[in-house]
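The values are calculated or read from the model by the stated rules, or taken from the named source; none is laboratory data. Every value quoted in this text rests on a predicted model; they were computed, and no experiment measured them. Using ideal geometry, Cβ is built from the backbone for each residue, glycine included, and neighbour counts are taken over all protein chains shown.
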Amino acid sequence: MNVNTATMNIDASNRHRLINNANSLVNHVHQQITLEPTSIAVLTESQRYTGEKVCLQFQEEWYTDHAQLSSSSKDYACILWNGEMYSHIESYHSNIGKYAAVHLEHADGHNILTVAVHHPHKKGKENARRLTSQFIEEMRDKVGTDTEIITGDFNCQPHQLNHWIPDGLNFAFHDNSCPTTDTRTPDNTLFSDSLFAEVSYSVSSHFTHKPHYVQL
């Protein structure tokens with residue numbers, strides 16, 4: 001089983017002015033995702049209207065889930081997946097944990113849990129990390145997930161996640177050797193450590209948080 005993920009932070013403050021309106025952003029996101037061999041994509045810090053337009057753009061090819069992560073209309077997460085490869089079982093989200101998740105079943109019968117996060121960088125960050133970790137553990141007990149993918153904007157460095165992540169997960173980015181911004185690595189993908197991963201990120205100048213891709 002191969003799982004290819006794409007992760008993008010599409011907040012307005014993260015975008016070049018050339019894609020700072022909804023139509024140009026949606027077209028750019030569609031291009032970025034379809035150019036790569038992507039089967040699951042996660043967009044964080046989406047505005048409600050923008051997220052809905054992205055979902056509509058992909059609706060003929062993909063299935064989507066769109067969840068609000070806080071009271072802000074600019075804090076939505078979109079999870080998109082290839083409908084020919086995955087069946088949707090159930091969706092979850094937490095405004096306090098700042099995550100959205102989908103339980104998918106691969107065509108070969110494997111259970112996949114994909115979690116999109118946008119954790120706080122100040123108030124509430126420890127609680128969000130704890131609740132996300134707790135959710136992953138609960139899903140392991142509930143459905144026996146074969147593959148876990150936790151991705152998005154963690155708003156912290158990789159080493160700051162070490163003390164809370166459940167056992168059995170590995171990092172796409174371990175340090176700042178491949179920063180997802182100019183100098184730091186707040187964005188990351190955690191995945192089941194039984195899987196081998198190839199990691200890359202976009203050199204596109206359209207985003208200050210570089211979109212990154214993980215092939216599992």
| request: Would you be able to tell me the number of residues in region 111-139 that are part of a loop (DSSP other than H, G, I, E, B) and either in contact with a strand residue (DSSP E or B) (Cβ under 6 Å, 6 or more places away or on another chain) or surrounded by 19 or more Cβ atoms within 10 Å (Cβ to Cβ) (or both)? | output: 1
| query | Within region 75-88, restricting attention to residues that are in contact (Cβ under 8 Å) with a residue 40 or more places away in the chain and surrounded by 23 or more Cβ atoms within 10 Å (Cβ to Cβ), which residue is farthest from the chain's Cα centre (by Cα)? | reply | Trp81
| said: Looking only at region 169-216, how many residues end up being of a type in the set (Ser, Thr, Tyr), under 17 Å from Thr7 (Cβ atoms) and free of Cβ contacts under 8 Å to residues at least 40 places away in the same chain? | reply: 5
| query | Condition test on Ile10, is it modelled with pLDDT under 95, touching a helix residue (DSSP H, G or I) at 6+ places or on another chain (Cβ under 6 Å), farther than 30 Å from Asp141 by Cβ and hydrophobic (A, V, I, L, M, F, W, C)? | reply | no
| query | Of all residues in region 42-86 being of a type in the set (S, T, N, Q) and assigned to a helix (DSSP H, G or I), which is farthest from Asn155 (Cα to Cα)? | reply | Gln57
| Out of curiosity, is Ser13 over 13 Å from the mean Cα position of the chain (by Cα), more than 22 Å from Phe191 (Cα to Cα), among the hydroxyl-bearing types (Ser, Thr, Tyr) and assigned to a helix (DSSP H, G or I)? | yes
| said: Quick check on His103: is it under 27 Å from His30 (Cβ atoms), in contact (Cβ under 8 Å) with a residue 40 or more places away in the chain and of a type outside the set (A, V, I, L, M, F, W, C)? | reply: yes
| message | Of everything in region 60-82, what is under 18 Å from Thr5 (Cα atoms) and at pLDDT below 90? Give them in sequence order. | response | Glu61, Trp62, Tyr63, Thr64, Asp65, His66
| Unmet criterion (only one of (1) part of a loop (DSSP other than H, G, I, E, B); (2) aliphatic (A, V, I, L, M); (3) crowded, with 21+ Cβ neighbours inside 10 Å) for Leu190 | (1)
| task | Name every residue in region 44-74 that is surrounded by 14 or more Cβ atoms within 10 Å (Cβ to Cβ) and either within 13 Å of the chain's Cα centre (by Cα) or of a type in the set (A, V, I, L, M) (or both), in order of residue number. | result | Thr44, Glu45, Ser46, Val54, Thr64, Asp65, His66, Ala67, Leu69
| Single residue of Glu138, Glu126 found to be out of contact with any Pro (no Cβ under 7 Å at 6 or more places or on another chain), among the charged types (D, E, K, R) and modelled with pLDDT of 95 or more | Glu138
| said: Can you confirm whether Pro166 is more than 23 Å from Ala6 (Cβ to Cβ) and touching an Asp or Glu at 6+ places or on another chain (Cβ under 6 Å)? | reply: yes
| note | From the option list Val29, Val102, single residue qualifying as within 18 Å of the chain's Cα centre (by Cα), surrounded by 15 or more Cβ atoms within 10 Å (Cβ to Cβ) and part of a helix (DSSP H, G or I) is Val29
| Going through region 141-165 one residue at a time, which ones are acidic (Asp, Glu) and at pLDDT 90 or above? | Asp141, Glu148, Asp153
| query | What single numbered condition from (1) more than 16 Å from the chain's Cα centre (by Cα); (2) closer than 19 Å to Pro211 by Cβ; (3) assigned to a strand (DSSP E or B) fails to hold for Thr151? | reply | (1)
